[in-house]
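Let me begin by presenting the structure, written as structure tokens, before commenting on it.
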Amino acid sequence: MTAIRIEGAKVLIVGGGSGMGLALAMRLLAEGASVTIAGRSRERLAAARRHLGDHPNLATRAVDITREEEVAALFQGGEPLDHIVSTAADIEGAYQLLPSIELVAAQRVVESKFYGPLLLAKHGAIRLPPAGSITYTSGVAAYRPAARGSVVAAVNAALEGLVRALALELAPIRINAVSPGWVDTPIWGFVAGDAKQATLDAMAERLPAGRVGQPEDIADAIRFLIGNGFTTGTILHVEGGHRLV
Ligand SMILES: NC(=O)c1ccc[n+]([C@@H]2O[C@H](COP(=O)([O-])OP(=O)(O)OC[C@H]3O[C@@H](n4cnc5c(N)ncnc54)[C@H](OP(=O)(O)O)[C@@H]3O)[C@@H](O)[C@H]2O)c1
């Protein structure tokens with residue numbers, strides 16, 4: 001078995017300023033990795049840095065992964081890099097019934113969850129060693145779609161197709177995705193607004209796991225995908241049994 005070392009590894013987490021990405025940063029720093037968290041908002045990154053205790057092995061980088069020149073610049077420094085993770089998603093305004101969907105909101109979902117990940121692979125994979133990996137974030141909406149969630153359902157499915165294709169094209173670099181169920185993160189402000197807690201509580205009662213997910217549940221799964229050298233082209237479902245109900 002080829003063990004992929006986390007201690008000393010250099011990991012870029014796009015979306016690391018909040019939610020699952022932030023939990024992953026905390027997990028990997030605790031295991032001795034050097035972590036760069038990236039996202040659009042410098043304020044969010046600064047708050048995340050404080051949350052992570054100004055860890056000496058932490059760097060922050062402002063980038064919008066929907067802009068190719070910014071993604072290219074992200075990888076131009078020449079610093080060593082072992083793994084890339086994206087938990088980025090811009091779903092603001094996208095959870096709407098069809099008559100109310102604004103094309104620009106739908107495009108932001110596609111750009112942040114499909115083209116952004118594509119650009120990260122295009123410009124980042126050449127910087128990774130053969131034992132490196134890229135891990136994306138899909139979602140249960142691809143399997144249990146709901147009204148108002150059509151765009152997100154479609155984009156997650158497209159991303160999963162990309163994972164399988166890139167796992168072949170970029171081999172031996174490993175390409176995977178985690179597919180979370182409902183996880184209590186700031187993104188729910190965009191999905192449910194003031195009804196966030198009631199919506200999550202109702203789902204917790206339905207799920208076989210008896211609760212919704214926490215960011216750490218997903219961080220644990222991504223940690224596995226980074227560290228398991230025999231896993232590629234895989235969608236790892238971490239959703240409390242959501243696909244069964
Ligand atoms: N939470 C759930 O229940 C759930 C369920 C299924 C799937 N997911 C998926 O899981 C992933 C992580 O979600 P989360 O709940 O952790 O969300 P989150 O807390 O909102 O984090 C998303 C992060 O993405 C960053 N981001 C958005 N657009 C970006 C862009 N264009 N370029 C760079 N960074 C960008 C945001 O930072 P800035 O705004 O500063 O850029 C933010 O830090 C997403 O792909 C989401 O679709 C979530």
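Descriptive notes on the structure:
- Hey, N156 touching a Ser or Thr at 6+ places or on another chain (Cβ under 8 Å), at pLDDT 95 or above, more than 29 Å from M1 (Cβ to Cβ) and not hydrophobic (A, V, I, L, M, F, W, C) or not: yes
- Of the helices (runs of 4 or more DSSP H) lying entirely inside the stretch 64-171, those containing at least 2 residues that are under 30 Å from V245 (Cα atoms) and of a type in the set (A, V, I, L, M) are 103-110, 150-169.
- No other residue among A141, A146 is closer than 17 Å to I187 by Cα and free of Cβ contacts under 8 Å to residues at least 12 places away in the same chain apart from A146.
- Of the set (1) without any contact (Cβ under 8 Å) to a residue 40 or more places away in the chain; (2) touching a Leu at 6+ places or on another chain (Cβ under 7 Å); (3) not basic (K, R), all apply to A46 but (2).
- Failed condition for G116, given (1) farther than 24 Å from I173 by Cβ; (2) near the ligand (Cβ under 10 Å from one of its atoms): (1)
- Of all the numbered requirements in (1) closer than 23 Å to R108 by Cα; (2) surrounded by 18 or more Cβ atoms within 10 Å (Cβ to Cβ); (3) in contact with a Ser or Thr (Cβ under 9 Å, 6 or more places away or on another chain), L225 misses one, and that requirement is (1).
- Single residue of A88, A23, A59, A30 found to be surrounded by fewer than 21 Cβ atoms within 10 Å (Cβ to Cβ), closer than 16 Å to I222 by Cα and at pLDDT 95 or above: A30
- Close pairs (6 angstrom Cβ cut-off, 6 or more residues apart or separate chains): more than 17 Å from S179 (Cα to Cα) in the stretch 200-223, within 11 Å of the ligand (Cβ to nearest atom) and of a type in the set (S, T, N, Q) anywhere: none
- Applying the criterion of being assigned to a strand (DSSP E or B) and among the hydrophobic types (A, V, I, L, M, F, W, C) to the residues of the stretch 172-184, the residue that is farthest from the ligand (Cβ to nearest atom) is I175.
- Restricting the stretch 6-20 to residues that are on the phi < 0 side of the Ramachandran plot and surrounded by fewer than 22 Cβ atoms within 10 Å (Cβ to Cβ), the residue that is nearest to the ligand (Cβ to nearest atom) is S18.
- Selection count, the stretch 25-56, where residues are basic (K, R) and either under 22 Å from R5 (Cα atoms) or in contact with a helix residue (DSSP H, G or I) (Cβ under 8 Å, 6 or more places away or on another chain) (or both): 1
- Qualifying position, being over 21 Å from G213 (Cα atoms), away from the ligand (no atom under 13 Å from the Cβ), of a type outside the set (D, E, K, R) and in contact (Cβ under 8 Å) with a residue 24 or more places away in the chain, among A3, A62: A3
- The stretch 93-104, subset touching a residue at least 40 places away in the same chain (Cβ under 8 Å) and surrounded by fewer than 19 Cβ atoms within 10 Å (Cβ to Cβ), residue nearest to the ligand (Cβ to nearest atom): G93
- Unique match (being under 18 Å from V109 (Cβ atoms) and within 8 Å of the ligand (Cβ to nearest atom)) among G213, G139: G139
The values are calculated or read from the model by the stated rules, or taken from the named source; none is laboratory data. The model shown is predicted, which means the values in this text are computed figures rather than measured ones. Note that each Cβ is placed from the backbone with ideal geometry, even for glycine, and that neighbours are counted across all protein chains shown.
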